[in-house]
Amino acid sequence: MNRTVARKFGSNVNRLRIPWRQPFSNDAVPISSTSNAANLEKESEDLRYDIAIVGGGMVGLALACSLATRPLTKHLTVAIIDSNLALRRKHFIEKEVHPDPRVSTVTPATISFFKDIGAWQYVEQHRHAYFDKMQVWDYTGLGYTKYNARDANKEVLGCVVENKVLLSSLLSRLQDTDFQKKIYPSRLTSMSILPNSSSLEVDSTLSVTASFTHGRLAKLELEDGNSLYAKLVVGADGGKSRVRELAGFRTTGWNYSQNAIICTVEHAVENHCAWQRFLPAGPIALLPIGDKFSNIVWTMNPKESSEFKSMSEDDFLKALNYALDHGYGPHPTSSLLGNADIFSWLKGVVSRSANDCFEIPPKVVKLASERMAFPLSLRHANDYASNRVVLIGDAAHTVHPLAGQGVNLGFGDASTLSSVISEGIAVGTDIGEVCNRTNHPHNIYCY
């Protein structure tokens, strides 16, 4: 399920404006004192950052961790803007009996990235579930296919982790570094970026006001009244990105007219396999989450999702087991690939899992969490970067959960962007311009 995403950059934003507001009332005392002006400038200097990451979710924190562990970027000053108060605490995972239904299936590439930035050790302290097998089949009963990590000379195909565990692990890793970061528990309300004065040489001694005026800094205003400045603004604030909106990035996409129901379920035996069955209304996935628990991601139309979300637990379990077993059609009797995997004619070999028999998923015996439903859509920014602004994660691309690639693409963004910033610093490039295609056409993300 590997995909190549070519990152497109543009400079469609030359100047962003914020609404003008009267700075003083009529009876306000004007600031004319040199000492007062110096104090104001000092306060502004304290609010100057190299990078402002808007969105302290999994992808935003992954970028911060990656920057904190690279030799050329660990000295940077970073502001993280997110209203989630949990980010101000070091540990916010309660020792619950049942897993949270909001999980992510991370790929071996993501696991490797987490190990590189020192965050995977924190994940391993909490519940997680590796899996080395996957079975996919269709409701028609015409065939099935099986994947096994051994066929790719891998130990695992992936690992299912609760989102809160990933977030907590990244936050713990970040807090255990001496990285110069500050978390602002607020929301971005407006952003202002002036055209760059190309005739002015880069001067690190310029004041905040002068740097902003000459287009060397972006100005961000927050809901709590704070204002701060940054050389580069990273939008990691999700599918409804405020950064993307303020920067004027255009998007292409559509709603799928489908909802996904997610929940945690329990089996009588432990599940070590990932299962996916394609039904008439959409796929259903059963993912191991540790112990005897699994996670359900069930795609259906909005009307059905409303009914399945509100029906009794007994009725829901019957419908769930029906969908995972013989419902809508018979069990397959032969593999979709016959006696070979799809690439065997190229490799001249037959994978060992190609002859594995069809298996029935373990029966669900109990609902272990609330049922949650959310709409599915595709949204892709036509450009990922403009003047001093970059989008990563769902802010850049929101995809269907079918292939489990959404957050993995976001982690790939974080890894690649930190690498590009590091390379830019190595050659003396302005951090805010490392992703500018006009000035640096070689910086196209591919992974």
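None of the figures in this text is laboratory data; all of them are computed from the coordinates on show. A quick note: this is a predicted structure, and the numbers were derived from the prediction, not measured. Note that we place each Cβ from the backbone using ideal geometry, even for glycine, and neighbour counts take in every protein chain shown.
If you stretched the chain out fully between K74 and N382, how much longer would it get, using 0.36 nm times the residue separation minus the C-alpha to C-alpha distance? Walk me through the intermediate numbers first.
On the way: separation 308, 0.36 × 308 = 110.88 nm, distance 3.07 nm.
The K74-N382 span can extend by a further 107.8 nm.
I need to check one value: relative contact order of the range 248-313, counting alpha carbon pairs closer than 8 Å and at least 6 residues apart, in percent.
Details: 101 pairs, mean separation 23.4, N = 66.
Rounded, it is 35 percent for the range 248-313.
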In sequence order, calculated HN-Hα J values of the range 319-330 (Karplus, 6.51, -1.76, 1.60; Hz; x Gly/Pro): 5, 5, 5, 4, 6, 8, 10, 9, x, 6, x, x
Rough spin-label spacing in nm, given labels placed 7 Å along Cα→Cβ, for K309 and F278: 2.7 nm
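Against the globular-protein guess of 2.2 N^0.38 Å, express the Cα radius of gyration of the range 189-334 as a ratio, rounded to two decimals.
Output field value: 1.74.
Given R₀ = 35 Å, FRET efficiency for N226-N255 by Cβ-Cβ distance, to 0.05? Walk me through the intermediate numbers first.
Details: r = 35 Å, r/R0 = 1.00.
For R0 = 35 Å, the calculated efficiency reads 0.50.
Under 1.5 on a/c is rounded, so check that first for the range 139-193, then, if it is not, pick prolate when a/b is larger than b/c and oblate when it is not; a ≥ b ≥ c are the square roots of the alpha carbon gyration tensor eigenvalues.
On the way: a/c = 3.59, a/b = 2.05, b/c = 1.75.
Since a/c reaches 1.5 and a/b is larger than b/c, the shape of the range 139-193 is classed as prolate.
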For the range 67-192, average projected area of the Cα convex hull in nm²: 12.3 nm²
Protection proxy ranking, peptides 250-260, 181-191, average beta carbon neighbours within 10 Å, highest first: 181-191, 250-260
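Ranked highest first by the average count of other Cβ atoms within 10 Å around their residues, in what order do 265-272, 214-221 fall? Intermediate values should be presented prior to the final figure.
Working: 265-272: 16.6, 214-221: 22.2.
Listed from highest to lowest mean packing, they are 214-221, 265-272.
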Vicinal HN-Hα couplings computed from phi for the range 373-385 (Karplus, 6.51 cos²θ - 1.76 cosθ + 1.60; Hz; Gly/Pro x): 10, 8, x, 10, 7, 10, 9, 10, 5, 5, 10, 9, 8
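Between E155 and E270, what length comes free when the chain is fully extended (0.36 nm per residue of separation minus the Cα-Cα distance, one decimal in nm)? Don't skip to the answer; put the middle values down first.
Details: separation 115, 0.36 × 115 = 41.40 nm, distance 1.89 nm.
Result: 39.5 nm gained on full extension.
Given the Cα-Cα distance of S419 and Q175 and 0.36 nm per residue of separation, how much length would full extension add, in nm?
Separation in residues times 0.36 nm, less the Cα-Cα distance, equals 85.7 nm.
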